[in-house]
Each structure stands twice: as structure tokens, then as C-alpha cells.
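Novice: Submitted below is the structure of interest, expressed as C-alpha cells.
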Amino acid sequence: MARNAAMVLASVLPLWAAAPVHAQDDTMRAIYQSIAQSVQQEYEGLLAAVARGATGGPNANAPKVRETLKMLYYNKAVLFAACAADAEKVRSPRAERVPARENIMLTTCVEESFGELNKFANTLSYAGTFFPERVEPCGEKARLHEREKALPPYDFLHLDEPKLYDFARYNKCLMTKE
């Protein structure tokens, strides 16, 4: 997971570093837009690998699989943008930018956020089998509606109903009786 987060940081932060500093929401939007191409390349690469059978998982052309991947990549992009905006918010305007890999605030946030996303991907399958009645209500409790309005999915991730989640909350809900 840490290696994956480092690869994402290395590929998208050069694009983000040139983004102007605005209010928190504007910064997050600018970062989110600046990483679109990197996210698309990673998403399309995974689809190609799944189609070749390289992942050993289900067929990428199955509508449910495709929708789930779109939702995960949408959330992943927004999580990264939020972490980068938070790291920028605490940086003094007079402080020099440090390379992304050395920005402890950014790397910690990305590793924790992506860890919750990864945990969710594993937990969802388990909960869907043993507690299917929890999946939808927990999803609704964990939704980030305001963020969905502020950061719609990229065109290549078109979703009929885009959903962003607080994955720590979603995971906890799935695994407990609330």
C-alpha cells in the first residue's frame, strides 16, 4: 500500500505543484483537476489488465465490476486531492515547497486514506456475503454529499449516481451493529 501511495504521489504531484493556492475548496478542486490524466491512465491500465485476465479477478466488462472500479477511482482521486489540499493549508506561505515524498503531512494522509479505501474494498465483499442488509444503509451514512457536489467525477468515470464516502466510517458501520 505504501508503495502504491508513493507511486501515485510521484506521478501526480508534479502537476499539482504548479497549481495556484486558493481557499481550501478551490485548492482541492484545482488539485483534483490537475491529476485527471494520471488517474485516467491508472484506471485504463487496470481495466486493460483485468480484461487480459492479469488480475485473476472478474471480467472488467461486467457492468457491476466497471461501476465499482469507477466509484473506487473517483473516491481515490478525491481522497488524494483532499490530502494535498490539507497539506497545502498548513504550509506557511513563506515556506518552500518540499518534494511530495518528503511532505510528511501529505504522505501520512494519503497512506491512511488509501488504507481505509483498500480496507473497504476487502470489507465490502465480506459484508455483502454475511451482512448484505448493512451495505446500503452504511453507504448512505458514510456519504460525503457536499464533496460530491463540489467535485463531480471525471468524464471518463461517468457514474449515474456519483458517490463519495468517508471510508473509515463506512468500514466501521459495515462491521458493527449500528
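Novice: Can you name the residue in the range 94-111 that is modelled with pLDDT of 90 or more and among the aliphatic types (A, V, I, L, M) and is also farthest from C83 (Cα to Cα) among such residues?
Specialist: Among residues in the range 94-111 that are modelled with pLDDT of 90 or more and among the aliphatic types (A, V, I, L, M), the one farthest from C83 (Cα to Cα) is I104.
Novice: I'd like to know if the range 43-58 contains one or more residues that are closer than 26 Å to V90 by Cα, among the hydroxyl-bearing types (S, T, Y), surrounded by 11 or more Cβ atoms within 10 Å (Cβ to Cβ) and at pLDDT 75 or above.
Specialist: Taking every residue of the range 43-58 in turn, none turns out to be closer than 26 Å to V90 by Cα, among the hydroxyl-bearing types (S, T, Y), surrounded by 11 or more Cβ atoms within 10 Å (Cβ to Cβ) and at pLDDT 75 or above.
Novice: Go through the range 131-151 and give me each residue that's free of Cβ contacts under 8 Å to residues at least 60 places away in the same chain, surrounded by 15 or more Cβ atoms within 10 Å (Cβ to Cβ) and closer than 23 Å to S38 by Cα.
Specialist: E148
Novice: Given the residues K119, K76, K64, which is the only one that is under 19 Å from Y154 (Cα atoms), at pLDDT 90 or above, among the basic types (K, R) and assigned to a helix (DSSP H, G or I)?
Specialist: Just a single option satisfies the conditions, and that option is K76.
The values are calculated or read from the model by the stated rules, or taken from the named source; none is laboratory data. Being a predicted model, the structure only gives us computed values, none of them experimental. Ideal geometry is used to build each Cβ from the backbone, glycine not excepted, and the neighbour counts take in all protein chains shown.
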